[in-house]
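Heads up, the thing below is written out as structure tokens.
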Amino acid sequence: MNRISPTVKKLLIINVIFYFGSSISLNTEFIYSLFSLHFPESSNFYPWQLLTHMFMHGGIVHLAFNMFALWMFGSAIESIFGARRFIFFYITCGLGAAVAQIGFNYYNFHTYLDILLTAGYDQTFILNTLNEGKYLIDWNNILGSGGRENFTDSFTPMVGASGAIFGVLVAFGMFFPESKLMLLFFPVPIKAKYFIPGLILLDLFSVITGQAIFSPSNTAYIAHIGGALTGFLIMYYWKKNQFNQNRWY
């Protein structure tokens, strides 16, 4: 299970190249602006970001955790799927994560945007202000407690492979439910069929309460859930249609 499969190895290399290439760039800010996933109503949004954000990371620790998870679980899944089906699964889970996060941000953003529009502000002015990275103090009184974070978070770009990896985790849990896993900082073995749903429930708890448990407060929890849900739906469809009889190579 620890042997690196060909596609996982390529994904690891691509992620490392993206991270260090952007880090040593003469204009790191521009590279992140170009390849991170921005809110569709941001002036920095481009369609290719739906794919490229999966290979960008916010720091060496972020990269290390995601690549460790990809190495741990990805090779086992690729050995079952085959290379072509695995890369399809991985990318689709990442796209599902992005769509889920954008949908969540869209709902939040327009909820507060409608409040500002009702208060007499012009939509073009609001968008221009946010695209410039600014925020009016007067909006605090209008949007209320927590309004600023919920409103402006939509314009915070998203990076990372976590959504795709959560899809891989779901597949691993469905194929190897009795395998025992543990968190690095909570070394208690737990079966995959409990461990992986537990991680997803923790993310759901963080979405509902706004409280981070084992991850930074700026984690895109909805993206994790979206990637996991996408992985589950794909697995359910493939299992129902007996994908092993039509394996891709």
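Using Cα-Cα distances under 8 Å and only pairs 6 or more residues apart, what relative contact order does the range 1-119 have, in percent?
34
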Normalised by the residues of the chain, what does the relative contact order come to in percent, with Cα pairs under 8 Å and at least six apart?
26
Note down the relative contact order for the range 114-215 as a percent, whole number, built from C-alpha pairs under 8 angstrom at least six residues apart.
15
Long-range lysine pairs (8 or more apart or interchain), the chain, Cα under 24 Å:
7
Give me the three principal axis extents of the range 100-173 from the C-alpha atoms, as integers in angstrom, largest value leading.
51, 21, 18
Ranked packing of 151-162, 43-54, most packed first, by mean Cβ within 10 Å:
151-162, 43-54
By count of other Cβ within 10 Å, fewest leading, how are ARG3, ARG84, ARG148 ordered?
ARG3, ARG84, ARG148
5 Å binning of all Cα-Cα separations within the range 35-168, expressed as whole percents from 0 upward
2, 10, 17, 18, 15, 12, 10, 7, 5, 3, 1, 0
Positive dipole terminus of the range 6-246, leading residue within ILE196, PHE55, SER145 (C-beta point charges)
ILE196
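What is the Å³ per residue value for the convex hull set by the Cα atoms of the chain? Before the final figure, lay out each step's value.
Values: hull volume 34.4 nm³, N = 249.
About 138 Å³ per residue, rounded to a whole number.
Calculated from DSSP H runs of 4 or more alone, at -39500 (n - 2.57) each and per residue, what is the 222 nm mean residue ellipticity of the chain, nearest 500?
The helix-only estimate for the chain comes to -20000 deg cm²/dmol at 222 nm.
No lab work stands behind these numbers, since they all come straight from the coordinates. What you see is a predicted model, and the numbers here were worked out from it, not measured in a lab. FYI the Cβ positions are ideal-geometry reconstructions off the backbone, even for glycines, and counts take in every protein chain you see.
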